[in-house]
Amino acid sequence: MNESSSAAVPGSSSSSGLSESSDSSRVDNSEATPPQKAASEPYTMPDGTVIQVMGDVLGPHSKHVGLGAGDLGTMAPLGNGEFAMLFGDSFSGEGFGQGEWMSPVGVVATVDENGFLRILRPLNRGNRVKQTIGYLREDQLTLIPSDVINIDGTLYLQGMWNRTLGDVTGTQIWRSTDGGQRWESVGRTNATYMDHMGELISWEKGPDGYIYVVSTSFDRSNPVYLSRFTEEDMGDRSQWQLFDPTTGQWGDSGTPILEDGVKAGEMNLRYIDGHWVLVLFNEETLQIEVRIAEDIARDWDDVPTAVAAKHGSWGEKQTPLNWSQPYGGYIVPGSRIGNMDIVVSQWNTADNSRYMATQFNVKGLDTFFGIDSPATEREQDVTVRELNNPAVTPDMTAEQDLIEQKPTTLTLSSEPASPGGTAGYIVGILLAAGGLTALSWPLLRPLLPAELRATLPFE
């Protein structure tokens, strides 16, 4: 979740990232059938685009995989019309703060023949969602996903480590070669990188082979910057190049590509129909905005802006022109410029009565931006590399097994836990894992808070 609020997740409903709730603590809804969906009437926006609210993605539509409430929902194609979908702070219960607290959480989803986004199964193994990355949740520590991308069959996930929302202690990138079931760390970056302007990102591989990154801070108060890198430099941000639109040059320094009237929140960058599409939540205007340009390395301040959802009163009917407290904004794989699906988040921070990700269908962006779109139908043919028995390294297997063998929930105390006591608990888990320890420890140790790493009796 990324809402400008100091609201904390109730400790009574949380669990440690190194543990999973026992099956007895969660109702088994794996056999439940999601209800049918119905789209809203079409709304013609002032910019001429036509938007339909296609319905919520979570709630009763995700109950069958053990997921009740959540936000965000960034996506990457998996092939055969399916895609991975990663949510932020999520709960197994029916609402915010209810049930097990997990972040991030992944599912496999698709768009059916009627245009509705449907969750098929968990991204992880089994029939119920599990936290995608294992970590020890103490002092409200949470991992918020920025974006996930598929590069030739390998999934890459970037996330932000938060001590309460907006207090980013660092970012990290993971990869998966088996469709999102197992993840290994690629690299970790201090939050001070780019003076915090590299915390919240979205990325996409361009036709020239570079991976392009838009980034900002995770506090909705700053402009948007542009970087690029090659896949082999994924984990080493010192090798990433920054763009300076004032000179048109790439190098070690850069200036914002988008800043006029913009305080950037969550962003989503995708290359569609030969154009760069940027969807972002703008704190300055309190709306989900869409910008499209043929070239990415440019000044984006003069790119026209279309609106997908605008903030309004909770007391009024919820429509694209009155969508209270919107944020996020993630493009559904297979979208075309003329027929684009965007997942928008919504959180009533006053009473937590609504905490949800919702599908919007937007038609007419091709006309608004003067683009000769090839078709309005969804693009179903997503090219990815076939995963023929992808290599699974011993450390990946050991890490996953250790996570799945962990004991029942650790209750988040209202008082800060003792680093020494927690360290002893972790050591006990590792010792109980026996032969897995040596293989798993190099991957697990960097995920622990610094204060805990310092207390451990071994490297």
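Since every read-out is calculated from the coordinates, none of them should be taken as a lab result. Computed from a predicted structure; not experimentally measured. A quick note on method: Cβ atoms are made from the backbone with ideal geometry, for glycine too, and the neighbour counts reach across all protein chains shown.
Structure notes:
- Calculated FRET value between Q140 and T367, using beta carbons and R₀ = 45 Å, to 0.05: 0.50
- Packing-based order for 51-62, 250-261, using average beta carbon neighbours within 10 Å, highest first: 51-62, 250-261
- Scoring 205-215, 126-136 by mean Cβ neighbours within 10 Å over their residues and listing the highest first yields 126-136, 205-215.
- At R0 = 51 Å, FRET efficiency that the Cβ-Cβ distance of R188 and E94 yields, to 0.05: 0.90
- For segment 227-234, Karplus couplings with θ = phi - 60° (6.51, -1.76, 1.60), whole Hz, Gly/Pro x: 10, 8, 7, 9, 4, 5, 9, 3
- Sites V50 and T246, calculated FRET efficiency, Cβ-Cβ separation with R0 35 Å, nearest 0.05: 0.40
- Ordering of 359-369, 344-354, 292-302 by packing [mean C-beta count within 10 Å, highest first]: 359-369, 344-354, 292-302
- Charge tally in the Cβ shell below 11 Å around L278, where Lys, Arg are +1 and Asp, Glu are -1, L278 excluded: 0
- For R228, net neighbour charge (Lys/Arg +1, Asp/Glu -1) across residues whose Cβ lies under 12 Å away: -2
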